[in-house]
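Student: This is the structure, below, for whatever I ask next.
The values are calculated or read from the model by the stated rules, or taken from the named source; none is laboratory data. Predicted model, so just to flag it, every value in this text is computed and none were measured. Positions of Cβ are generated from backbone atoms using ideal geometry, with glycine treated the same way; all protein chains shown enter the neighbour counts. The protein model used for the area step is the full one, side chains on, heavy atoms only, and it has no ligands, DNA or RNA in it. Shrake-Rupley method; radii C 1.70, N 1.55, O 1.52, S 1.80 Å.
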Amino acid sequence: MEPDNHIEGKHGHLPFWGLFCKRQHQIPPHPKPAYRAGQQASPGRVTGRSRSTFIGKRISNHQLHRRRTSTPDDGQCIEDAFWKSKPLHGRQITSGVVLRAYRNDRTSLRAGFFLQKLCLQNILHDNKRKNYPGQVIQEFNRKPNRNNKQTLAIARFKADCCLRGLSLNGQQVSPDSVVKDYLAAKATLELARFKEHCCLRSLPLNGQPVTPDAVVKGYQATKATLELARFKAECCLRDLPLNGQLVTPDAVVKDYQATAATRELAHFKAECYQRALALNGQPVTPDTVIKEYERCGWLRDRDFFILICH
């Protein structure tokens with residue numbers, strides 16, 4: 001199943017982290033137009049009209065393609081070719097080809113996840129029509145998983161729609177409806193994460209604002225120590241109080257060290273440098289941040305930090 005972070009990066013609003021995530025998670029290029037019958041094929045490639053012979057029988061490329069895409073791994077290869085705009089078996093891959101490949105696999109929700117990507121990235125389906133949120137949910141429900149995994153997938157997607165302002169069946173998805181779906185799916189961690197988004201975006205639940213203390217209780221109930229440390233970092237950088245007191249940078253560092261979150265700790269020190277926040281009573285210097293990245297082996301992050309510092 002797809003990762004949880006369909007929304008922006010966890011610290012997407014922060015200067016350093018936001019710039020880094022933007023480079024790391026660029027939207028894949030728009031697919032090129034599909035190959036059309038009648039176009040001249042490149043040397044060495046098989047055209048759409050050609051046929052193959054197997055045990056004395058003629059088999060079309062379409063039949064061969066369906067056989068090639070009977071497994072999830074084949075479908076993933078086809079999707080990868082779509083996002084990279086690379087031809088596969090002599091033809092350009094369209095979103096329709098990817099969907100047909102995944103629909104041959106009756107045991108997964110990959111077709112729904114693929115449509116979800118198209119929808120959230122505002123990419124036209126087969127370069128012809130817009131992919132609406134209702135179509136994504138319909139695809140998830142097309143062949144319900146016996147483990148009921150589509151319930152959680154739909155709840156996550158509706159959370160994305162709510163936070164992005166996308167309408168579903170002509171109406172905006174309310175935060176309360178997302179909470180209801182997460183409760184039905186018994187997804188306590190996802191619910192806690194969604195409440196954090198509501199808190200940081202000032203979205204009310206049951207007509208009341210979500211307080212930072214309520215978010216902390218949600219993470220504590222699920223024993224999500226890393227998520228809790230990240231949220232406390234958000235509160236520190238936003239001057240949001242917890243239990244009536246502001247979160248200090250030193251407290252955030254302590255929490256990250258306790259969870260062995262080396263990358264988050266390095267990013268937080270980068271934020272402290274940019275915001276002139278002291279740690280242990282001393283200002284954070286660029287050399288301090290660079291050494292932190294090198295100590296933990298995050299060399300690409302170090303290089304990007306050096307780039308934005310100059």
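Student: Can you name the residue in segment 285-310 that is open to solvent by less than 50 Å² (accessible area, probe 1.4 Å) and acidic (Asp, Glu) and, of all such residues, is nearest to the chain's Cα centre (by Cα)?
Tutor: Selected residue: Asp301.
Student: Quick check on segment 188-224: of everything there that is under 14 Å from Ala159 (Cβ atoms) and of a type in the set (D, E, K, R), which residue is surrounded by the most Cβ atoms within 10 Å (Cβ to Cβ)?
Tutor: Arg193
Student: Return the pair list, or none, for Cβ contacts closer than 9 Å from residues in segment 237-258 that are at pLDDT below 95 to residues that are of a type in the set (S, T, N, Q), at least 6 apart or on different chains.
Tutor: Listed pairs, sorted by first residue: none to list.
Student: Name the residues in segment 121-136 that are in contact with a helix residue (DSSP H, G or I) (Cβ under 9 Å, 6 or more places away or on another chain), open to solvent by 30 Å² or more (accessible area, probe 1.4 Å) and modelled with pLDDT of 85 or more, would you?
Tutor: Gln135
Student: Take the residues of segment 247-287 that are small (Gly, Ala, Ser) and part of a helix (DSSP H, G or I): which is farthest from Thr225 (Cα to Cα)?
Tutor: Ala270
Student: If you don't mind, there's one more thing I want to ask. Would you call Glu227 closer than 16 Å to Cys162 by Cβ and touching a Lys or Arg at 6+ places or on another chain (Cβ under 7 Å)?
Tutor: Criteria not met by Glu227.
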